[in-house]
Amino acid sequence: MDTSDTSDISDTSDISDPGLTDHSGGAGRAEGAGEAARPVLEAPDIARALTRIAHEIVERAKGADDVVLLGIPTRGVFLARRLAGKLAEITGRSIPVGSLDITMYRDDLRLRPARALARTDIPGDGVDGRLVVLVDDVLFSGRTIRAALDALGDIGRPRAVQLAVLVDRGHRELPIRADYVGKNLPTSLRETVKVQLAEEDGRDTVLLGLKQPAASGDR
């Protein structure tokens, strides 16, 4: 992963809602978008983006022989599994895929309510000496990715780490940049980016909307 520029996850890993992943401005995610939310990616667009990313991984990794995919819960895990399937189609080999929970590595633990831990599932051969591709749905401030790097460092020592995201919405707070991006989506901090995936939400789409104004007594 290239850390020479400024990126997040979107911060997907702290999402506990069963519906949408909401990547909004401010210190963390807003709960919900305004009524003006509109789709910017539909199922065919998402499928094409993942196919392109898979081909880019194979090209840059010289065949993907030592690639390990680790998805960041929740929707990053589903995307990682889809990428593994596409890589298998391209290379004819099974690609190790797992998940990496970053909950306890977040830098806002003391500022936010307690949350349930997600699952960390590392493939049997581990990550030492491998090319690990972290996978998430939205890249935003970069803080989730920083937490993921810390979590990965406690598990093993990859030869390299790269980052693949479905959407890069900008507004970096840390010097992190994705190696593979499905769609660059310029946004304002007043906007929300919500990702829905069939495995979790029943359909594939990315929605762009406006943050709901805070209630008058909530400041």
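Here is how the numbers come out for the structure above:
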{"quantity": "Unit charges on C-beta of K, R, D, E only; dipole of region 28-162, Debye", "calculated": "80"}
{"quantity": "Hits among lysines - C-alpha to C-alpha of LYS211 under 26 Å, sequence gap 8 or more where chains match", "calculated": "LYS183, LYS194"}
{"quantity": "Considering only region 69-219, percent of DSSP beta bridges that pair antiparallel, nearest 5", "calculated": "30"}
{"quantity": "Partners for LYS62 among lysines (Cα-Cα distance below 20 Å; same-chain residues under 8 apart left out)", "calculated": "LYS86"}
{"quantity": "Fully extended contour minus Cα-Cα distance, from ILE155 to ALA36, at 0.36 nm per residue", "calculated": "38.6 nm"}
{"quantity": "Cα pair distances exceeding 20 angstrom across region 143-219, given as percent", "calculated": "52"}
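A short reminder: the numbers here are calculations on the coordinates, not readings from a lab. Small disclaimer: the values here were computed from a predicted structure and weren't measured. Positions of Cβ are backbone-derived with ideal geometry, glycine not excepted, and every protein chain shown enters the neighbour counts.
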